[in-house]
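The values are calculated or read from the model by the stated rules, or taken from the named source; none is laboratory data. This structure is a prediction, so every number in the text was calculated from the model and none was measured. Neighbour counts run over all protein chains shown; Cβ positions are idealised from the backbone, glycine included. Areas reflect the complete protein model, heavy atoms only, side chains present, ligands, DNA and RNA absent. Shrake-Rupley method; radii C 1.70, N 1.55, O 1.52, S 1.80 Å.
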Amino acid sequence: MSDPAAQALQPRLLQAQTAATAGSSGATAGSGSGNSDPARPGLSQQQRASQKKAQVRAFPRAKKLEKLGVFSACKASDTCKCNGWKNPNPPSAPRVDLQQQAASLSEPCRSCGHALADHVSHLENVSEDEINRLLGMVVDVENLFMSVHKEEDTDTKQVYFYLFKLLRKCILQMSQPVVEGSLGSPPFEKPNIEQGVLNFVQYKFSHLAPKERQTMFELSKMFLLCLNYWKLETPTQYRQRTQKDDGTAYKVDYTRWLCYCHVPQSNDSLPRYETTQVFGRNLLKSIFTVTRRQLLEKFRVEKDKLLPEKRTLILTHFPKFLSMLEEEIYGENSPIWEADFTMPASDGTQLGHQTGECSLVPVIAVISPASVSCSPALSKCLSSSSSLSSMDAGEKRKLPDALTLEDAKRIRVMGDIPMELVNEVMMTITDPAAMLGPETNLLTPNAARDETARLEERRGIIEFHVIGNSLSQKSNKKILMWLVGLQNVFSHQLPRMPKEYITRLVFDPKHKTLALIKDGRVIGGICFRMFPTQGFTEIVFCAVTSNEQVKGYGTHLMNHLKEYHIKHNILYFLTYADEYAIGYFKKQGFSKDIKVPKTRYLGYIKDYEGATLMECELNPRIPYTELSHIIKRQKEIIKKLIERKQSQIRKVYPGLTCFKEGVRQIPVESIPGIRETGWKPSSKDKGKEVKDPDVLYNMLKNLLAQIKTHPDAWPFMEPVKKSEAPDYYEIIRFPIDLKTMTDRLKNRYYVTKKLFIADLQRIITNCREYNPPDSEYCKCANTLEKFFYFKLKDGGLIEK
């Protein structure tokens, strides 16, 4: 090789080839792990490049010039054609250039005989930052030189060689690298993959409860992250897999991916773009099938490294997520790839803008870096994400990552069953062999009305969409077809309603309809009109086609409608129900007792003759679509807890026979085994209040003084400052502290001991509500609680 730079790189290439021969060779194409450095096991190519650049940039100025001289043309005369300085005394062993003395500027070139200074004269007045930039390109040139010689695929080798020459040219000309030719410039498609996937989440999951919708969003971000660092199959492998003779389109995309996404990961002199931000549906169609298989296989192999509570999410919900996404990628009429994609009448469109608020930690933190071998860069990202999940226990009042706002706001009652016991019982009612838990194809005899519909929705058999006609936006063919289907269902199921009237309201832009879709056709829906300024919604039509009734679809429809309105802060439904519909609406929580003032709805809704006005008030704390499942699970937990308690009582007592002998009643405590269950007789003196207010005041004052001097009372001495915990008062609805209790005591607020004890207990409850269980604050709260209960017993304020 006549190139002096290439000759200078030969020792490094020799060492890499030797090490590769001695060790295990080659990563499977398409697995994404082809970036490891065989010469230095444990280091990725990206890490090795970063370390090398740091070392080179730390060289003294003279040695930097020597290294750049290898890539600099001789400027001694116009007739000299030497394009790089050659060391007359080259190192005999590889990698000794890091310790070798810098060559003198007067050192002659082994090729042209001119001094090193003649090769680097153009660098004399160049800034240190520019020198370091050029040195970075030198390291990348060395990496690409080795990649060219190690790569076996012809197409990939050609791209590596092109980028090698491009960077060499940029070093000579001291310019910025720009990929030229017919490849074009990023982005190559619109909408890009990232936008399409986010549109998919909005399109398919916007109707779900916030927590479930967030899970889908996190799965989408995990998929995009993996795709950004996944190694694509070569054009040759693509043609072999697809049996296509002409893979020109994929070859162009593959070349673009190498130049703009893959190679710049470990050669940062080149401009880098994210795969999911510059490519769109066409590339995704080419790679999705094989990438999906490799991803799922990788997770399956590494499943033992996943956290148990996240294993179901990754192994069950992620495959289902990818299957649904696959339908939209290859479906001819999928709306998610339209440039003007919108979600009509749903705030689900805001999902894609929550990236600043929602953390990837709940999903990604459970994946070990080794579990996704797509590339060292991805492993690094996953590792850094994992580190986010750890939290300093002493940090001031912050919610742990695993605790959602909904969990934090949940009211906790003293005497609740410990979560450890509940979790243990949950393990017994969940079949670990079935990834979806206790749900099976066979419903229990006491299954809820909407159980069938809920399971069918989870399996993708039915879908729910809030749709409506629009005069300002471009008509969507699918939505218009659904509206026609809804008009047919309402007309057929509500024969007493004029068809013209139904058609006018269904297609009225002010009305919206929650459509129930099965196998691509409408089988039911609820037409409604929202009055946000008045705080209520009028339900106009509600129907399910006759051959799909008695399956719980009506109940599930109404539950989805309730959650949709809770998201829009409308908490009241009003409807006029005829004699046949009153029973249905009563089952859905409607009542004839109207709480909405008449002045708010009079003149807004039409009065129907012979119909009854009914109202439903929504509770924003209830996840309606999952309510029946939650209640079912609670019943199972209670049943198991009773069984556990019964199993602990070994002795079985005979039944009572005294009632056969004429005894009318017996003391409770005389029932055999009653005390063993934990029952205690009530004491007449228990709960006896101190009648003298001055005596009570002095007792409480003395007790409060002792509590305030306790060494663990310091976190609760004063109200929590908003500057220290901005969201504290959003989560804690009834804040209390020892200073406030002192003020209340002075104002004679505590007229009974129960009020005093309740405030003391609320301090502890609030602390546990807001802070992690293992935080310093909760530890203080636990110690202080034991102390003041001891003092309460000692002072005779509660029973010992």
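Can you pull out every residue in segment 124-144 that is out of contact with any helix residue (DSSP H, G or I) (no Cβ under 7 Å at 6 or more places or on another chain) and charged (D, E, K, R)?
Glu124, Glu128, Asp129, Glu130, Arg133
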Grab the helices (runs of 4 or more DSSP H) fully contained in segment 240-346, keeping just those with 3 or more residues being without any contact (Cβ under 8 Å) to a residue 24 or more places away in the chain and touching an Asp or Glu at 6+ places or on another chain (Cβ under 9 Å).
none
Per the list (1) closer than 24 Å to Tyr580 by Cβ; (2) touching a Gly at 6+ places or on another chain (Cβ under 7 Å); (3) of a type in the set (Asp, Glu), residue check on Glu451 breaks on (1)
Checking the conditions here, which among Lys221, Lys157 is free of Cβ contacts under 8 Å to residues at least 40 places away in the same chain and either within 30 Å of Ile622 (Cβ to Cβ) or among the basic types (Lys, Arg) (or both)?
Lys157
Does Ser77 meet the test of being modelled with pLDDT of 75 or more and either open to solvent by 20 Å² or more (accessible area, probe 1.4 Å) or among the hydroxyl-bearing types (Ser, Thr, Tyr) (or both)?
yes
Here are some residues: Leu68, Leu43. Which one is within 28 Å of Glu128 (Cβ to Cβ), modelled with pLDDT under 70 and surrounded by 15 or more Cβ atoms within 10 Å (Cβ to Cβ)?
Leu43
Output for Cβ contacts, cut-off 6 Å, separation at least six or different chains, first residue at pLDDT 70 or above in segment 645-661, second surrounded by 10 or more Cβ atoms within 10 Å (Cβ to Cβ), reads Tyr653/Pro672; Tyr653/Gly673
Test: residue in segment 297-305 that is under 26 Å from Gly247 (Cβ atoms), open to solvent by 10 Å² or more (accessible area, probe 1.4 Å), over 20 Å from the mean Cα position of the chain (by Cα) and not charged (D, E, K, R):
no
With the requirement that a residue be closer than 22 Å to Thr742 by Cβ and touching a Cys at 6+ places or on another chain (Cβ under 8 Å), what does segment 756-779 give you?
Cys767, Tyr777
Out of curiosity, is Val148 within 24 Å of Tyr564 (Cα to Cα), β-branched (Val, Ile, Thr) and open to solvent by less than 40 Å² (accessible area, probe 1.4 Å)?
no
Exception for His465 within (1) without any contact (Cβ under 8 Å) to a residue 60 or more places away in the chain; (2) in contact with a strand residue (DSSP E or B) (Cβ under 8 Å, 6 or more places away or on another chain) falls at (1)
Please work out which residue is modelled with the lowest pLDDT, limiting yourself to segment 741-763 and to residues that are among the polar types (S, T, N, Q) and within 20 Å of Tyr789 (Cβ to Cβ).
Thr752
Those residues of segment 152-188 that are surrounded by 18 or more Cβ atoms within 10 Å (Cβ to Cβ) and closer than 30 Å to Asn333 by Cβ come to a total of 2
Considering only segment 252-296, state which residues are open to solvent by 50 Å² or more (accessible area, probe 1.4 Å), within 21 Å of the chain's Cα centre (by Cα) and modelled with pLDDT under 90.
Arg292
Grab the helices (runs of 4 or more DSSP H) fully contained in segment 495-588, keeping just those with 3 or more residues being touching a helix residue (DSSP H, G or I) at 6+ places or on another chain (Cβ under 7 Å), of a type outside the set (A, V, I, L, M, F, W, C) and open to solvent by less than 60 Å² (accessible area, probe 1.4 Å).
553-567
Enumeration of residues in segment 784-800 that are open to solvent by 10 Å² or more (accessible area, probe 1.4 Å) and within 18 Å of His710 (Cα to Cα):
Glu785, Lys786, Phe787, Tyr789, Phe790, Lys791, Lys793, Asp794, Gly795
Would you pick out the residues in segment 746-775 that are closer than 19 Å to Asn702 by Cα, open to solvent by 10 Å² or more (accessible area, probe 1.4 Å) and of a type outside the set (Val, Ile, Thr)?
Lys746, Asn747, Arg748, Tyr749, Tyr750, Lys753, Lys754, Leu755, Ala758, Asp759, Gln761
Reported set for segment 192-213 where residues are closer than 17 Å to Gln277 by Cβ and open to solvent by less than 20 Å² (accessible area, probe 1.4 Å) is Ile193, Gly196, Val197, Leu198, Asn199, Phe200, Val201
Does Ala781 meet the test of being part of a helix (DSSP H, G or I), among the small types (Gly, Ala, Ser), surrounded by 13 or more Cβ atoms within 10 Å (Cβ to Cβ) and in contact (Cβ under 8 Å) with a residue 12 or more places away in the chain?
yes
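Quick one: is Arg733 touching a helix residue (DSSP H, G or I) at 6+ places or on another chain (Cβ under 7 Å), farther than 17 Å from Lys708 by Cα and open to solvent by 20 Å² or more (accessible area, probe 1.4 Å)?
In short, no.
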